[in-house]
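Trainee: The structure under discussion is supplied below as structure tokens; questions concerning it will follow.
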Amino acid sequence: MSRHIVIGDVHGCLLELKALLDELRYRPDGDRLYFLGDLVDRGPYSVETVRYVRALTERSDTVCLMGNHEEKYVRFHRWEQKRAATNARNPMHFNEEKEAIYADLSQSDHEWLAKRPYYHRGKDFLVVHAGVCPRRHQTIKDLDVPKYRNRLLRLRDVDAGGRMVPLNESRRPGQGHWSESYDGRLGFVVYGHQVYDSVRDHCDTAGIDTGCCFGGELTALVFSNIADRTYHSVHAQATYASYTEDD
């Protein structure tokens, strides 16, 4: 029976990704892979991870979503193209590590990144990078509204009215992670972005970013039927970055 395999935020941890696929006995001719985005930054092999996953999307049944980290490279590249054409200033700033990653990505890599979808809907499940907003994502069509798209990449907490709460805003009464109040309207949602010590399977959602780049684990959700899902993880081979939340 064919399997769906959803993999959390890789963040350049290519060795762990290959180990996880080996442990799962991944079959390119029978399994469908989904990557939740954030292939790049923090870990040691960002560019190599992009090219490895890109090859999977080109040669097998594989979906790779846009993550907030990829989106920054996409925006940076657009500004650099504009600067080259018009001498306009690029308002974005990358540190040395990001500059090196950006420079090592080829033009075709940049074009591939820019085409990543923001979500994928299966028969009874939805995969997104960060989450679905209770207020703005009432139906599946709302996920395609450009002005609401940012929430798919960066959503964490929502207020009592279901509005997205900015990352650095002080916590207020009634505020909590969007998954805590999810009502199942769009099916079972699998997401990354929010780092957990272990899988958070709660209220028709599963958060599977278990912080591999921070010395945690790289996790996959595996199922043929979402009701019979299982989780599989491999430990990080090292701690590649200090834990920080970002947008």
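The values are calculated or read from the model by the stated rules, or taken from the named source; none is laboratory data. Here the structure is a predicted model, which means the values were calculated and not measured. Counting neighbours? That spans all protein chains shown, and the Cβs are built from the backbone with ideal geometry, glycine included.
Trainee: Among what's in the stretch 3-35 and is in contact with an Asp or Glu (Cβ under 6 Å, 6 or more places away or on another chain) and closer than 15 Å to PHE223 by Cβ, pick the residue that is surrounded by the most Cβ atoms within 10 Å (Cβ to Cβ).
Mentor: Let us first name the residues in the stretch 3-35 that are in contact with an Asp or Glu (Cβ under 6 Å, 6 or more places away or on another chain), namely 3, 5, 8-9, 11, 14, 32.
Narrowing further to those that are closer than 15 Å to PHE223 by Cβ: 3, 5, 8, 32.
Working: ARG3: 17, ILE5: 20, GLY8: 32, ARG32: 16.
Out of the qualifying residues, it is GLY8.
Trainee: Mind checking whether some residue in the stretch 88-110 is in contact with a strand residue (DSSP E or B) (Cβ under 7 Å, 6 or more places away or on another chain), over 14 Å from VAL10 (Cβ atoms) and not in a helix (DSSP H, G or I)?
Mentor: From the stretch 88-110, those in contact with a strand residue (DSSP E or B) (Cβ under 7 Å, 6 or more places away or on another chain) are none; that's our starting set.
Taking every residue of the stretch 88-110 in turn, none turns out to be in contact with a strand residue (DSSP E or B) (Cβ under 7 Å, 6 or more places away or on another chain), over 14 Å from VAL10 (Cβ atoms) and not in a helix (DSSP H, G or I).
Yes/no matrix, rows are residues, columns are (1) aliphatic (A, V, I, L, M); (2) modelled with pLDDT under 95; (3) within 22 Å of ALA130 (Cα to Cα); (4) exposed (fewer than 14 other Cβ atoms within 10 Å of the Cβ):
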position: ARG42; (1), (2), (3), (4): no, no, yes, no
position: ARG51; (1), (2), (3), (4): no, no, no, no
position: ARG54; (1), (2), (3), (4): no, no, yes, no
position: PRO91; (1), (2), (3), (4): no, no, no, yes
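Trainee: Filter the stretch 58-72 down to residues that are assigned to a helix (DSSP H, G or I) and in contact (Cβ under 8 Å) with a residue 12 or more places away in the chain and give me whichever is surrounded by the fewest Cβ atoms within 10 Å (Cβ to Cβ).
Mentor: Taking the candidates together, the pick is ARG59.
Trainee: Considering only residues that are over 12 Å from the mean Cα position of the chain (by Cα) and surrounded by 17 or more Cβ atoms within 10 Å (Cβ to Cβ), which ones fall in the stretch 119-147? Walk me through how you get there before you give the answer.
Mentor: Let us first name the residues in the stretch 119-147 that are over 12 Å from the mean Cα position of the chain (by Cα), namely 121-126, 132-147.
Listed by number, the residues that qualify are GLY122, PHE125, LEU126, VAL132, CYS133, PRO134, ARG136, HIS137, LEU143.
Trainee: A further question on this structure: Among the residues of the stretch 119-155 satisfying the criterion of being in contact with an Asp or Glu (Cβ under 8 Å, 6 or more places away or on another chain) and outside any helix (DSSP H, G or I), which is nearest to TYR182 (Cα to Cα)? Before the answer, list the steps.
Mentor: Taking the stretch 119-155 as the starting set, the residues that turn out to be in contact with an Asp or Glu (Cβ under 8 Å, 6 or more places away or on another chain) are 129, 134, 136, 148, 153-154.
Subset that is outside any helix (DSSP H, G or I): 129, 134, 136.
Working: HIS129: 16, PRO134: 7, ARG136: 13 Å.
Going through the qualifying residues, I end up with PRO134.
Trainee: Ok, one more. Name the strands (runs of 3 or more DSSP E) wholly inside the stretch 196-247 in which the number of residues that are hydroxyl-bearing (Ser, Thr, Tyr) and more than 16 Å from the chain's Cα centre (by Cα) is 1 or more. Explain how you work it out, then say what you get.
Mentor: Details: elements: 200-202, 205-209, 217-223, 230-235.
Fully inside the stretch 196-247 and qualifying: 230-235.
Trainee: Another one. Is it true that PRO28 is outside any helix (DSSP H, G or I) and either touching a strand residue (DSSP E or B) at 6+ places or on another chain (Cβ under 9 Å) or at pLDDT below 95 (or both)?
Mentor: Here the answer is yes, as PRO28 does meet what is asked.
Trainee: Still on this structure, I have one more. Restricting the search to the stretch 189-247, which residues are under 18 Å from TYR119 (Cβ atoms), surrounded by fewer than 23 Cβ atoms within 10 Å (Cβ to Cβ) and in contact with a Gly (Cβ under 6 Å, 6 or more places away or on another chain)?
Mentor: Residues satisfying the conditions are GLN194, ASP204.
Trainee: May I ask you to list the residues in the stretch 171-211 that are of a type in the set (S, T, N, Q), modelled with pLDDT of 95 or more and touching a Cys at 6+ places or on another chain (Cβ under 8 Å)? If you could, list the steps in order and put the result at the bottom.
Mentor: First, the residues of the stretch 171-211 that are of a type in the set (S, T, N, Q): 175, 179, 181, 194, 198, 205, 210.
Applying the additional criterion that residues be modelled with pLDDT of 95 or more yields 179, 194, 198, 205, 210.
Correct list: SER179 only.
Trainee: For the stretch 92-109, which positions are of a type outside the set (A, V, I, L, M, F, W, C), out of contact with any Phe, Trp or Tyr (no Cβ under 7 Å at 6 or more places or on another chain) and closer than 15 Å to VAL74 by Cα?
Mentor: HIS93, LYS98, GLU99, ASP104, SER106, GLN107, SER108, ASP109
For (1) at positive phi; (2) touching a residue at least 60 places away in the same chain (Cβ under 8 Å); (3) of a type outside the set (A, V, I, L, M, F, W, C); (4) part of a helix (DSSP H, G or I), each residue gets a yes or a no:
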{"residue": "GLY12", "(1), (2), (3), (4)": "yes, yes, yes, no"}
{"residue": "LYS18", "(1), (2), (3), (4)": "no, no, yes, yes"}
{"residue": "LEU33", "(1), (2), (3), (4)": "no, no, no, no"}
{"residue": "ASP38", "(1), (2), (3), (4)": "yes, yes, yes, no"}
{"residue": "GLY43", "(1), (2), (3), (4)": "no, yes, yes, no"}
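Trainee: Collect the residues in the stretch 33-88 that are among the charged types (D, E, K, R) and either closer than 22 Å to GLY122 by Cα or under 15 Å from the mean Cα position of the chain (by Cα) (or both), keeping them in residue-number order.
Mentor: Filtering the stretch 33-88 down to residues among the charged types (D, E, K, R) leaves 38, 41-42, 48, 51, 54, 58-59, 61, 70-72, 75, 78, 80, 82-83.
The answer is ASP38, ASP41, ARG42, ARG54, GLU58, ARG59, ASP61, GLU70, GLU71, LYS72.
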